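These notes are about the structure you will find just below.
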2 protein chains.
Amino acid sequence: MTLSIAALAAEKLDRKTKPQGALGELEILAIRLSDIQQTLEPRASKKRIVIFAADHGVAAEGVSAFPAEVTAQMVQNFLSGGAAISVLSRHGGIELHIADVGVDTVFDEHVKSAPTFFSRSARRGTRNFLVEPAMTAAECEAAMNAGREQVRLAVANGIDLLGIGEMGIGNTTAASALLAALTNFSPQDLAGRGTGVDDAGLRRKITVIEQALKRHHSHAPSADLKSLSARYWLESVGGYEIAAMTGAILETSVCRLPIVIDGFIATAAAAVAFQIDAAAKEVCFFAHLSEEQAHGKVLSFLNVRPVLNLGMRLGEGTGAALAMPVIEAAAKIMCEMSSFDSAGVSERTERTDMAATPSGTEPTQP
Amino acid sequence: MTLSIAALAAEKLDRKTKPQGALGELEILAIRLSDIQQTLEPRASKKRIVIFAADHGVAAEGVSAFPAEVTAQMVQNFLSGGAAISVLSRHGGIELHIADVGVDTVFDEHVKSAPTFFSRSARRGTRNFLVEPAMTAAECEAAMNAGREQVRLAVANGIDLLGIGEMGIGNTTAASALLAALTNFSPQDLAGRGTGVDDAGLRRKITVIEQALKRHHSHAPSADLKSLSARYWLESVGGYEIAAMTGAILETSVCRLPIVIDGFIATAAAAVAFQIDAAAKEVCFFAHLSEEQAHGKVLSFLNVRPVLNLGMRLGEGTGAALAMPVIEAAAKIMCEMSSFDSAGVSERTERTDMAATPSGTEPTQP
């Protein structure tokens, strides 16, 4: 019988100069990377994050602490290099792409001509899903294709590890609505403070999601809730950046490109992708446990474990930017660490035959 | 009233283009670094880890899964670049120093002439603390001085952030004994599997610690347990690498050099240092939560929070090597991120005055 690459990778790690399993998560990451790339010399050195940006009609309902124009302003901030993700991706040696898949603005030529900027807008923001479907099937497909395109481009460019993040004022509301439709969690379970709404804003957010789900259930082509597809809900209450990330995740599964899912919104895209193609999970790494209150629940629902837990809740791919160097470290452990043989280090001795009572000691009182 | 640097740093972060507090731990790290370095432009770019290596007489009691000669072999492995810490420090752009403070070997000239190797051996291994004190006061002082020397050298070399790790077969037994003496935790609470002892080995370890503590209590200069100093216990049941790390931590407090404490053994050194000088805690970052079972208890006892939790239990400074780039990322957030003003990004809008009931929706049934 031929051993799988994963089994061979585990064996290779066990010959390294360390107690077996002593590098914990790093070993699990290294084995998974070997398995995805089908090699005992996995690589995660050439790294890129794509930020998908889009606006949300539902932002008109007062569900965010920030005004909608911030989406477009932040895209410019990403390109100028002053945003958190700009700083963290530079720090991690990670290329940064920004794809406009539906920002409600007309970017000037300075932005549009930037080599790392991709104009792939499906529409200037989704429709308000409280009153109508967020997007048409064609728009959803266009956004998903923008995601798939970035994955094929990454493969063509020799990227070893791709991260995805997002920017979109209002998108925690879309993500929570989508997850409420796809899981047994309630809107109350899933809605969080996003960029920092107050109690009144949080109550509004929950009400908006509850009413939107009722609306789209009652307008659904099937009366059977369970038969409504992930794609139906993505179009009804999703966002263009969520659709793009869903497309990206599905395409990485096809290309066997390891992908790092950032935070709460990107995890919602993963939930959609996994319902469309369960195998997509195999190529996904989850960067961090976000402070957005529902993220932990959703990660548990997906039965996945995040690499980091730093109490972050910013999006933009910032969690991915910190996790990707850890995954790269795991790859290097697999490739660069010496074995007991090559380093001339003695292996463990089993001493179970020794007396359980220490010798050479004074008698002690019981 | 003049604001403290920490307060000014927090204000500076709040003007960055992100919701307040959205970078979680990264913001806390950035503020602490600003406070330690007393600047709003903190730096953690020039990084170094020092591994202190030493052997332990108590290893003769069969408390480790690996033979004692591994300490010396691993020192050579560190220098050859094939150990886990070699790989991870290269990956993180971290210089690596190795200080022999008590390895039971005579290193050859090839090792001794390496520019990153420091021969500061207090003795070829501690004495077996089950039968006599591990070290003399003079040996303890010599080992502590080797730690202090590395801190002064780091300051002279312009190091921004120093990490400390260790290598020493048998040293989880010494660290557990030391912590049992300094805290209310029992030997059973504190002993763990180290490099991977089996159940019989773990029972031996607990018995050795229990008997050693009895012995050194009964030989103590004072009958009052509480009055026995941290220094007494360090000499009685500690190790040279633990003493060296204690010296290093105390010296970073004097020099105000931020220091990253690796795992369980380094945390034991921190516990000793904090009993000698409580103020030393201010300059310490705790790299990660080790898988060594007692580490979480001891971090809680010290009331500190680790940066990472990756299930690692290797020592060598490997946790520090992964945490230091995260601390560096925090410094860069403080220095490089743009503010709302400079980036032309709109700040949050307070919308508590809005109706809590969403508008523009169809009437819904109660």
Other-copy label distances relative to A:Gly196, 7 angstrom Cα-Cβ extension, nm:
4.8
Between the residues B:Ala9, B:Ala180, B:Ala323, the Cα farthest towards the positive end of the dipole of chain B, that dipole coming from +1 and -1 charges on the beta-carbon of Lys, Arg, Asp and Glu, is from B:Ala180
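Taking only protein heavy atoms into account and a 1.4 Å probe, give the accessible area per residue of the protein assembly as shown in Å².
Averaged over the residues of the protein assembly as shown, the accessible area is 35 Å².
Can you give the relative contact order of the stretch A:107-238 as a percent, counting alpha carbon pairs under 8 Å and 6+ residues apart?
32 percent
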For chain B, with only Lys/Arg (+1) and Asp/Glu (-1) charged at the beta-carbon, what is the dipole magnitude about the Cα centre, in debye rounded to 20?
240 debye
Could you work out the per residue convex hull volume over the alpha carbons of the stretch B:140-189, in cubic angstrom?
111 Å³
Taking the label point 7 Å from Cα in the Cβ direction, how far apart in nm is A:Ser113 from each other copy of itself, listed shortest first?
5.9
Could you tell me how far the Cα centroid of the stretch B:242-277 sits from the Cα centroid of the stretch A:288-315, in Å?
33 Å
What residues qualify as long-range amide H neighbours of B:His288, i.e. H under 5 Å apart, gap of 5 or more or another chain, H built at 1.01 Å from N?
B:Val307, B:Leu308
B:Asp108-B:Ser229 FRET efficiency (beta carbon distance; Förster radius 25 Å; 0.05 resolution):
0.05
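Ignoring ligands, DNA and RNA, how much accessible area is buried between chains B and A, both sides summed, with a 1.4 Å probe, to the nearest 100 Å²?
Summing both sides, the interface buries roughly 6600 Å².
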Just tell me how shielded A:306-315 is by partners: mean number of partner chain Cβ atoms within 10 Å of each residue's Cβ, no decimals.
6
Determine the shielding of peptide A:23-33 by partner chains: average, over its residues, the number of Cβ atoms on other chains within 10 angstrom of each Cβ.
4
Hey, what do the phi angles of the stretch B:276-283 turn into as Karplus ³J(HN,Hα) couplings, whole Hz, using 6.51/-1.76/1.60 and θ = phi - 60°, x for Gly and Pro?
7, 8, 4, 5, 4, 4, 4, 9
Residues in the stretch B:154-201 that, when all protein chains are in place, have 40 Å² or more less accessible area than the chain alone would give (probe 1.4 Å)
B:Asp198
Chain B: angle of helix B:240-255 to the longest principal axis, Cα-based, in degrees nearest 10
40 degrees
In whole percent, and with a 1.4 Å probe on the protein chains, what portion of the accessible area of the protein assembly as shown is carbon and sulfur?
51 percent
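Could you work out the percent of alpha carbon pairs in chain A separated by over 27 Å, rounded to a whole number?
Details: 32203 of 66795 pairs.
Of the Cα pairs, 48 percent sit more than 27 Å apart.
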Phi-derived 3J(HN,Hα) across the stretch B:208-213 with the Karplus relation (6.51, -1.76, 1.60, θ = phi - 60°), rounded Hz, x for Gly and Pro, is 4, 5, 4, 5, 5, 5
Please give, to one decimal in nm, the separation of the simple spin-label points placed at A:Leu40 and B:Arg15, each 7 Å out from Cα toward the Cβ.
5.6 nm
Residue among A:Gly24, A:Gly62, A:Gly263 with the largest mean-square fluctuation in a Gaussian network model of chain A, springs linking Cα atoms under 10 Å
A:Gly24
Restricting things to alpha carbons, find the Rg to Rh ratio for the protein assembly as shown using the Kirkwood radius for Rh.
1.03
Would you tell me the mean number of C-beta atoms belonging to other protein chains that fall within 10 Å of each C-beta in A:58-66, as a whole number?
4
For A:Phe118, the residues 5 or more places away or on another chain with a placed amide H closer than 5 Å to its own amide H are A:Ile98, A:Ala99, A:Asp100
Which one, A:Gln20, A:Gln76, A:Gln37, has the greatest fluctuation when you compute a Gaussian network model over chain A with C-alpha springs under 10 angstrom?
A:Gln20
Label-to-label distances across copies for A:Asn184, with labels 7 Å out along Cα→Cβ, in nm, shortest first?
4.2
Anyone know which of A:His217, A:His295, A:His110 comes out most mobile in the 10 Å Cα GNM of chain A?
A:His110
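The values are calculated or read from the model by the stated rules, or taken from the named source; none is laboratory data. For clarity, every value in this text was computed on a predicted model and none was experimentally measured. Heads up, the Cβs are rebuilt from the backbone with ideal geometry, glycines too, and the neighbour counts pull from every protein chain shown. Quick note on the areas: whole protein, heavy atoms, side chains included, nothing else; ligands and nucleic acids left out. Shrake-Rupley method; radii C 1.70, N 1.55, O 1.52, S 1.80 Å.
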